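K.L.:
My questions all concern the structure below.
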Amino acid sequence: MSRLLESNRRSEVEIFATQGCFMKYGSIEYQYAAPIAQALVDDPDFRRWVLSKSVFAEFVDARILNKEIGRHRSNPTAEWWRFHFTEKCRCDGCSGKETDIFTIFESASGVRFALHFEIKQPKDKFKQDGIQSRGYPLRAQCWADKPPAKVLPHQRASTGIFFSEEKREEYEPHLQHFKTLITFEEIEREFPHLAVWHATLNGNAAAK
């Protein structure tokens, strides 16, 4: 990647941060999730890298359907990737649960597949009962078989998690439910222009 291109991409993400988007919901989770979701749309190299680590590695050049997700959802107040849930289905994957980053891609051959990502910011924990992590693959399959009204139809689905390497041992009992494992530290090494969460979190702490 050229220095100019990396600089331009860094600027795009930093602008996104300084516009106040990260503090829209006042959550640390959002400060990690927002730049990752934005990069899946804006950064083809990052998108291919993420897909290469998933069960859909054969479709690394698939296009992301963020605009289609947004139009189908018909909710102008919600980002295309966030707040995807349903209470009309009462299965163990859907009832009382939501997907942190929900994405759908379409391959050149027309295969549509979804990735349900959990975002576990470094200070977060899984509940001991394991209900949250177990729900991800159940929900992914449920929505692929019969998508809720606000979810764009797709044929296949899988799960993934973004988390801190420092938490790997603690999260180990839950990681089996996520087919794609990506750490924030990996992103910081491979795509440093995307890792704006450190600057944002430090800035928020200094402002208090």
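K.L.:
What are the residues in the range 120-169 that are loosely packed, with under 13 Cβ neighbours inside 10 Å and basic (Lys, Arg), if any?
P.N.:
Lys123, Lys125, Lys127, Lys146, Arg168
K.L.:
Restricting to the range 108-167, give me the number of residues that are touching a strand residue (DSSP E or B) at 6+ places or on another chain (Cβ under 7 Å), aromatic (Phe, Trp, Tyr) and farther than 19 Å from Leu65 by Cα.
P.N.:
Adding up the residues that qualify gives 3.
K.L.:
Follow-up question, since we're still on this one. Considering only residues that are farther than 22 Å from Phe59 by Cα, out of contact with any helix residue (DSSP H, G or I) (no Cβ under 8 Å at 6 or more places or on another chain) and not in a helix (DSSP H, G or I), which ones fall in the range 117-173?
P.N.:
The answer is Lys127, Gln128, Asp129, Lys146, Pro148, Ala149.
K.L.:
Of everything in the range 27-78, what is of a type in the set (Val, Ile, Thr) and in a helix (DSSP H, G or I)? Give them in sequence order.
P.N.:
Within the range 27-78, Ile28, Ile36, Val41, Val50, Ile69 meet the criteria.
Let's see how each residue does on (1) among the aromatic types (Phe, Trp, Tyr); (2) more than 18 Å from the chain's Cα centre (by Cα); (3) modelled with pLDDT of 95 or more:
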{"site": "Lys24", "(1), (2), (3)": "no, no, no"}
{"site": "Leu40", "(1), (2), (3)": "no, no, yes"}
{"site": "Pro44", "(1), (2), (3)": "no, no, yes"}
{"site": "Ser52", "(1), (2), (3)": "no, no, yes"}
{"site": "Val60", "(1), (2), (3)": "no, no, yes"}
{"site": "Pro76", "(1), (2), (3)": "no, yes, no"}
{"site": "Asp92", "(1), (2), (3)": "no, yes, no"}
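K.L.:
Under the condition of being crowded, with 18+ Cβ neighbours inside 10 Å and touching a residue at least 60 places away in the same chain (Cβ under 8 Å), which residue from the range 75-97 is nearest to Pro147 (Cα to Cα)?
P.N.:
Filtering first and then ranking leaves Thr86.
K.L.:
Looking at His72, is it surrounded by 19 or more Cβ atoms within 10 Å (Cβ to Cβ) and not β-branched (Val, Ile, Thr)? Even if it seems obvious, please write down each step before you answer.
P.N.:
Numbers: surrounded by 19 or more Cβ atoms within 10 Å (Cβ to Cβ): no; not β-branched (Val, Ile, Thr): yes.
Here the answer is no, as His72 does not meet what is asked.
K.L.:
Okay, next question. Could you tell me which residue of the range 55-69 is surrounded by the fewest Cβ atoms within 10 Å (Cβ to Cβ), considering only residues that are touching a Lys or Arg at 6+ places or on another chain (Cβ under 8 Å) and under 17 Å from Ala108 (Cβ atoms)?
P.N.:
Initially, the range 55-69 is screened for residues touching a Lys or Arg at 6+ places or on another chain (Cβ under 8 Å), giving 55-56, 60-61, 64-65.
Those still in the list that are under 17 Å from Ala108 (Cβ atoms) too: 56, 60-61, 64-65.
Working: Phe56: 22, Val60: 17, Asp61: 12, Ile64: 21, Leu65: 19.
Residue satisfying both the conditions and the ranking: Asp61.
The values are calculated or read from the model by the stated rules, or taken from the named source; none is laboratory data. Bear in mind that the values here come from a model prediction, so they are computed numbers and not experimental data. Note: ideal-geometry Cβ built from the backbone for every residue, glycine included; neighbour counts use all protein chains shown.
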